[in-house]
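Following: one structure in structure tokens, then a few remarks.
Values quoted throughout were computed directly from the atomic coordinates according to the rules given, and no laboratory measurement underlies them. Just so it is clear, the structure is predicted and the values come from calculations on it, not from any experiment. Using ideal geometry, Cβ is built from the backbone for each residue, glycine included, and neighbour counts are taken over all protein chains shown.
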Amino acid sequence: MIDWSELADEITAWIADYAESNGISTLVIGVSGGIDSAVSSTLSAKTGLTTIVLNMPIHQDRKQNELSNKHISWLESNFDNVEGRLVDLTGTYDRFTQEMNDNDLSPLALANSRARLRMTTLYAIAGSTGGIVVGTGNKVEDFGVGFFTKYGDGGVDISPIADLMKSEVYEVAKALDIIDEIQQAAPTDGLWNDGRTDEEQIGATYTELEWAMAHENNPSEEDMTERQHLVLEIYRGFNKANSHKMNPIPIFEMKNRQ
């Protein structure tokens, strides 16, 4: 049986070891108010390294913004090495959309642009503080359905929870005593004005997606319900469509070089 507190300590030690071996003095991470960023930022704070946590609202849903600020305050009250920052990118995003107005951008392209503006902000701060950007993606998102923005929240230097299923992230959150409001909040990517949840966008819960991921890795002959067939179809659709995010960038290889 997994000792989740022990696992949290192991991940924290892994982050610290990586930082030490690479001469890193600062960890930089975006905090959205969701469970994944809450866990990743807390694990980072536990290293004792200077940890800069950023709330980067862009026309943010009020509840998401409040949760982000609450978590940052919780971190600052529990860890002396944490520095919370607010970088409101709403004006930057609005100017970007204004300048791109003639290009007929799709809603999804604009949503992904929010994530890429945040990535640019994180790297600007990391590059100015001798730091690295810490990722917040879990295993289902990063290696199952590819539910992240390429060169947005997918643009990171290390990924401390990318081998944890969503359910396992929740277990670590309990062990870390993450505030209850965040543990109870519906998962969302925070890229839409209406605050739509991940389940609303994907069409399946993370519990269902974990089942589908396990089934694909170890197919079973057991009879499936109509819902399971649908979930498997959803999973496979996202996995195929987003494979370009999860696989290495294709490189043309020269056959003959003289």
task = Counting only trypsin sites (Lys or Arg not before Pro) that are in a DSSP loop and have at most 11 other C-beta atoms within 10 Å, tell me the longest site-free stretch of the chain.
result = 1-254
query = With a 10 Å Cβ neighbour count serving as the proxy for reagent exposure, in which order, fewest first, do 71, 229 appear?
reply = 229, 71
request  = Kindly provide the pair-distance distribution of segment 4-246 built from C-alpha pairs, with 10 Å bins from 0 and whole-percent values in order of increasing distance.
outcome  = 7, 31, 36, 20, 5, 0
key: Those aspartates and glutamates that a straight Cα-Cα span of less than 12 Å connects to residue 63, excepting residues fewer than 8 apart in one chain   = 181, 194
message = Can you return the lysines within cross-link range of residue 70? Criterion is Cα-Cα under 23 Å, with same-chain partners fewer than 8 residues away left out.
response = 46, 166, 174
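Could you tell me how many cubic angstrom of Cα convex hull volume segment 1-100 has per residue? Spell out each step's value before the answer.
On the way: hull volume 13.0 nm³, N = 100.
Spread over its residues, the Cα hull of segment 1-100 gives 130 Å³ apiece.
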request  = Describe numerically, in nm with one decimal, the distance between label points set 7 Å from Cα along Cα→Cβ at residue 207 and at residue 1.
outcome  = 2.0
note = Exposure-ranked with fewest Cβ neighbours within 10 Å first, 148, 96 stand as 96, 148
task = Enter the mean projected area of the convex hull around the alpha-carbon atoms of segment 51-193, in nm², rounded to one decimal.
result = 9.1
request  = Straight distance only, please: which aspartates and glutamates reach the Cα of residue 150 with their own Cα at less than 13 Å, same-chain residues fewer than 8 apart left out?
outcome  = 141, 142
key: Ascending count of other beta-carbon atoms within 10 Å, so fewest first, for 208, 6   = 6, 208
query = Placing +1 at every Lys and Arg Cβ and -1 at every Asp and Glu Cβ, with all other atoms neutral, what dipole size does the chain have around its Cα centre, in debye to the nearest 20?
reply = 1020
query = From the residues 197, 126, 241, which one has its Cα farthest along the dipole of segment 4-246 in the positive direction, the dipole being from +1 and -1 charges on Cβ of Lys/Arg and Asp/Glu about the Cα centre?
reply = 126
ask   = Given N residues in segment 171-258, what is Rg(Cα) / (2.2 N^0.38 Å)?
value = 1.55
